[in-house]
1. Could you tell me whether the range 43-63 includes any residue that is at pLDDT 75 or above, part of a strand (DSSP E or B), in contact with a helix residue (DSSP H, G or I) (Cβ under 8 Å, 6 or more places away or on another chain) and not acidic (Asp, Glu)?
2. Tell me which residues, restricted to the range 140-174, are under 14 Å from the mean Cα position of the chain (by Cα) and either assigned to a strand (DSSP E or B) or modelled with pLDDT of 95 or more (or both).
3. Going through the range 64-97 one residue at a time, which ones are under 17 Å from residue 109 (Cβ atoms) and assigned to a helix (DSSP H, G or I)?
4. Read through the list (1) touching a residue at least 12 places away in the same chain (Cβ under 8 Å); (2) under 19 Å from residue 34 (Cβ atoms); (3) not β-branched (Val, Ile, Thr), then give the number of the only condition that residue 153 fails.
5. Please specify each residue of the range 131-159 satisfying the condition of being closer than 17 Å to residue 43 by Cα and surrounded by fewer than 15 Cβ atoms within 10 Å (Cβ to Cβ).
6. Assigned to a loop (DSSP other than H, G, I, E, B), at negative phi and not acidic (Asp, Glu): is that true of residue 120 in this structure?
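The values are calculated or read from the model by the stated rules, or taken from the named source; none is laboratory data. Everything numeric here is computed off the predicted structure, so don't read it as measured data. Cβ sites come from the backbone with ideal geometry, for glycine too, and all protein chains shown count toward neighbours.
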Amino acid sequence: MQRMLEMDSQTADEGMKFENSLAKTTPLSINGYPVFQFSYDGMLPLYKENDREYLRIIRDYYYRVTLGSYDFSLIETPFKHAALVILHYFTDNRIRDLDNRNRKVIIDAIRHTALIADDSWKELSIVEEGHRDKENHIQVYLLERDHLINFLSHLKGNHFNMKQMQKAELREVMLEQLKKEKGKENEQEKGEEEMNKISDLWR
């Protein structure tokens, strides 16, 4: 686990500096078992496999928020058979297919925490739900699969009280970083394109 974290720390040093305002030292304890919670601003992005720059931006956001959620150097025991619960919160009742949302960015980011050994069907089960709220956001919970039924029962009456709202400051950091990365040539045209890509995260 330590080697994975060191690799990601080096990557983070090369890009934006961001401190997760929701960082915790220990996971939640629900009915005696640990549950790791990850919170993300906006909607989970759609799949855009042909747009490499867009994927880089998306990946960067979810990796930084995920890896900054806990001090993973203090957590030595990964889940053997994990369950991942993804709750999507939307500001309206528009029909949205959850399977069109790119949950891979979340799964890959959590894999880099070393809390799960792999994301194959043998090691990871995934549950997704949608809810209405005042802001678009995503709440993700990781736990041992044996406790999934109990946890879903707990969520039914408590998910609104458990939610945590990620501050929007990270999007501002991302925008500033992109501006610095832009060269003077075609700066305005490329800048507007990148801003549109970033804004997709929070629509």
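1. no
2. 140, 141, 142
3. 64, 65, 66, 67, 72, 73
4. Here residue 153 meets the rest and fails (1).
5. Once the filter is applied, which keeps residues that are closer than 17 Å to residue 43 by Cα and surrounded by fewer than 15 Cβ atoms within 10 Å (Cβ to Cβ), the range 131-159 yields 131, 132, 134, 135.
6. Spelling it out, residue 120 is indeed assigned to a loop (DSSP other than H, G, I, E, B), at negative phi and not acidic (Asp, Glu).
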